[in-house]
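Encoded as structure tokens, the structure appears first; notes follow it.
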Amino acid sequence: MKFFSIIPAIAVAVLGAVGVVGQSVDTVVGNIQGVTTLSDNLRVVAQNLSAANFVQQSPNLISGFNGIVATVTAANEQMAAIPNPVPFSDPDAITVVGVLTTFVKVHQDLLNVVIGKHSLAAQFFLTAPIAEVLRDLEGVVDTFAFLLIALIPTQQGPAQVQINSLSATLTETVNVYST
């Protein structure tokens with residue numbers, strides 16, 4: 001549990017240091033890959049939740065999502081801090097969309113596991129805090145998508161397909177936990 005509570009601080013420190021260097025395709029790709037890793041690690045945490053350990057382990061799920069929110073927020077701040085960003089070349093934009101596609105698959109896998117754990121959360125009256133962090137995630141992902149599209153206009157279509165797919169799964173997950 002303590003590991004997941006330090007994720008936001010580490011993410012902000014790392015992404016803040018990278019932001020000083022400037023916006024590059026490597027930075028954007030690295031940010032997306034970092035969130036992909038956090039999402040995959042959190043998927044494992046979610047898969048291991050059971051009736052026997054849910055009360056003790058569910059804070060790890062919430063703090064893991066908070067870590068993802070903090071990481072995406074830091075990436076958003078980094079992208080938004082660049083006035084008049086220069087769009088990436090088409091080959092770089094294609095690279096970004098490839099990494100984005102992997103992220104979307106991994107994050108949807110996480111969200112589908114979380115949907116599958118809804119009955120456990122409901123049994124222990126813990127749907128509200130999970131719904132809250134999912135709504136926070138939804139907000140930062142929307143901002144990220146808007147900022148990312150500005151950097152990859154030549155691949156806006158394929159990127160938007162991925163973003164819409166993730167948004168649909170995220171909305172479904174929020175709806176499941178909000179009822």
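The values are calculated or read from the model by the stated rules, or taken from the named source; none is laboratory data. For clarity, every value in this text was computed on a predicted model and none was experimentally measured. Glycine gets a Cβ as well: all are built from the backbone with ideal geometry, and neighbour counts include every protein chain shown. What goes into the accessible areas is simple: the full protein's heavy atoms, side chains included, and nothing from ligands, DNA or RNA. Shrake-Rupley method; radii C 1.70, N 1.55, O 1.52, S 1.80 Å.
Computing the accessible area with a 1.4 Å probe over protein heavy atoms, can you report the carbon and sulfur percentage for the chain?
Values: 5250 of 8350 Å².
Summing carbon and sulfur atoms, their accessible area is 63 percent of the total for the chain.
Could you size up the charge dipole of the chain around its Cα centre, putting +1 on the beta carbon of Lys and Arg and -1 on that of Asp and Glu, and report it in debye to the nearest 20? All intermediate terms of the calculation are to be shown ahead of the outcome.
On the way: 5 positive and 11 negative charges, 86 e Å.
Computed charge dipole of the chain: roughly 420 debye.
Among residues other than residue 174 whose Cβ falls under 11 Å from its Cβ, what is the net charge (Lys/Arg +1, Asp/Glu -1)? Before the final figure, lay out the partial values.
Details: positive: 135; negative: 132, 136, 138, 172.
Local net charge: -3.
Taking a ≥ b ≥ c as the square roots of the eigenvalues of the Cα gyration tensor, region 43-99 is classed as oblate, since a/c reaches at least 1.5 and a/b does not exceed b/c. Size check on region 80-164: the Cα extents along the three principal axes, sorted descending, read 50, 24, 14 Å. Out of 86, 97, 141, any idea which swings most in a Gaussian network model of the chain, alpha carbons joined below 10 Å? Highest fluctuation among the options: 86.
What is the local net charge at residue 40, summed over the other residues whose Cβ is closer than 14 Å to its Cβ (Lys, Arg +1; Asp, Glu -1)?
Values: positive: 43, 105; negative: 109.
Computed value for this residue: +1.
Semi-axes of the equivalent ellipsoid for the chain, computed as √(5λ) from the eigenvalues of its C-alpha gyration tensor and ordered from largest down, come to 30, 17, 12 Å. Summed over qualifying helices (DSSP H, 4 residues or more, each -39500 (n - 2.57)) and divided by its residue number, the chain shows a 222 nm mean residue ellipticity of -29500 deg cm²/dmol.
Mean separation of Cα pairs under 8 Å and 6+ residues apart, divided by the residue count of region 29-179: what relative contact order is that in percent?
37
Report the local net charge at residue 69: Lys and Arg +1, Asp and Glu -1, summed over other residues whose C-beta lies under 11 Å from its C-beta.
Values: positive: 135; negative: 132, 136, 138.
Around residue 69, the surrounding residues sum to -2.
Each Cα pair under 8 Å and six or more residues apart adds its sequence gap; the mean of these over the residue count of region 80-159 is a relative contact order of 69 percent.
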